[in-house]
Amino acid sequence: MTLMLAAPPAWARSQAQDMPAPTSPAQTAAVPVSPAKPNEVRVLTPDFEGEDRLGSSVAGVLHLKLWRSLRTAPTPNPRKLNFGQGSIFGGPQLSDLQVETADAAVRQMDGQMILWGRASTYDGGVVVRSKLLAPDYAGARAKRPEIWSIGYGKRVVTLGLPEQVFAFAPFVLRQEIVDRYGHAGDLPLCPTMSEVCPGATPLGPNYHAIDHPNSKWSHVRTADERSGYVFLPELTADQIDVTDFTEGLIYYYRADYGRAAERFKTVQSAPSSPSQIRLDATVLRLMSLARSGADVTKDAAAALNEYPGSIEVRKAVAMADLQLSAQARRRGKPLDRLSSANAYVESARGVVTTTDHWVDEAAALLQTLKR
């Protein structure tokens, strides 16, 4: 049974994090079941199915990549933003690869996402098949930034994720990456950011992220009060759609919408991504951009042109127009985007399922804004 836990590293050096970081996949421990904090987003990366320790090693690599992406706040931070706490837990291999099993596992640890799958060796590399589940689940969180909410008066319209289960195309991890980074506790802890560090001691099973000075190094402090740097050059060299998408979703859940849009753009333009994943990334990028305050006019037009039949694209574009209309109404400005929003809302009518109340909510908000 494996434990790997990470908290959001501070990207500004003055903001040290006093939380455990990933442990070696060889360590035996249970997934923590302590109550989540009100502003905490939890992600579970259990051991993948695979021969011997291959599954735990693959989970360790993906875990480290996700861990390095987390941040508490942007740098510089003139708006004094704080994205709360993000934690990534490892755990034992699931009993099977069914979505229902993954859902039960992530809810048990009061989490928001789980990344799981299968790994196998092939032609000098490791083939990884994976899925990401993000159930419609609040957990202990007081707020849910992943739910886009727009209101005016007594009317509110909300929009969640386009999907809850995301299935990725198989990808290959180089064997040397799996061998080197699958067991993080064995990595050398260097006193300075120098690739030559004779006498370095192993990092060990428990350590804290201080910051990540650049793409190759992480500054850490161990549980026994040793501090130093860990060299992780190849870890960020390879682009992996799975981790790019998951990072984007973690950013989105933590209201880090600008960074989320960047990650989703990477996936959106990756030819290796399945068509459904590219569509989901397109929708989530539109939502992220709009919620960050960016002008999405060109991006919306491009998305509608590429996916003219997508109801999720039309919902995202309509939400962007509704957001601008509500803001204009509060400021006493002309409602230039109201007719556009109305067109997209009406185009969705009759297409959404009977359990999807988005059209009714959006139409009610439109009527309130027109008064």
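Structure summary
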| item | result |
| --- | --- |
| Matching residues in region 213-253 - criterion: being more than 23 Å from V126 (Cβ to Cβ) and open to solvent by 10 Å² or more (accessible area, probe 1.4 Å) | P213, N214, W217, H219, R221, A223, D224, E225, R226, S227, Y229 |
| In region 176-212, the residues that are under 26 Å from the mean Cα position of the chain (by Cα), closer than 15 Å to P233 by Cα and either open to solvent by 20 Å² or more (accessible area, probe 1.4 Å) or among the polar types (S, T, N, Q) (or both) | E176, D179, R180 |
| Qualifying residues in region 269-283 (those that are within 19 Å of K131 (Cβ to Cβ) and open to solvent by 10 Å² or more (accessible area, probe 1.4 Å)) - the one modelled with the lowest pLDDT | S272 |
| Candidates G84, G124, G60 - the one that is touching a strand residue (DSSP E or B) at 6+ places or on another chain (Cβ under 9 Å), within 30 Å of P213 (Cα to Cα) and surrounded by fewer than 21 Cβ atoms within 10 Å (Cβ to Cβ) | G84 |
| Exclusive hit being farther than 16 Å from L66 by Cβ, out of contact with any Ser or Thr (no Cβ under 6 Å at 6 or more places or on another chain) and surrounded by fewer than 23 Cβ atoms within 10 Å (Cβ to Cβ), set A138, A102 | A138 |
| Residue that is farthest from R330 (Cα to Cα), among those in region 141-173 that are among the aliphatic types (A, V, I, L, M) and crowded, with 18+ Cβ neighbours inside 10 Å | L173 |
| Any hit, region 359-369, residues being in a loop (DSSP other than H, G, I, E, B), within 23 Å of E146 (Cβ to Cβ) and out of contact with any helix residue (DSSP H, G or I) (no Cβ under 8 Å at 6 or more places or on another chain) | no |
| Residue tally, condition within 18 Å of G258 (Cα to Cα), open to solvent by less than 30 Å² (accessible area, probe 1.4 Å) and in contact with a Gly (Cβ under 9 Å, 6 or more places away or on another chain), over region 284-343 | 3 |
| Inter-residue pairs, beta-carbon under 6 Å, first at negative phi and in region 209-230, second among the polar types (S, T, N, Q) and in a strand (DSSP E or B), 6+ apart | H212/S218; R221/S227; V230/S218 |
| Subset of region 349-359 [within 28 Å of the chain's Cα centre (by Cα) and hydrophobic (A, V, I, L, M, F, W, C)] | V352, W358, V359 |
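The values are calculated or read from the model by the stated rules, or taken from the named source; none is laboratory data. In this text the structure is predicted, and so the values were computed from the model without any measurement. All Cβ positions, glycine included, derive from the backbone under ideal geometry; neighbour counts span all protein chains shown. Calculation scope for accessible area: heavy atoms of the full protein, side chains included, ligands and nucleic acids excluded. Shrake-Rupley method; radii C 1.70, N 1.55, O 1.52, S 1.80 Å.
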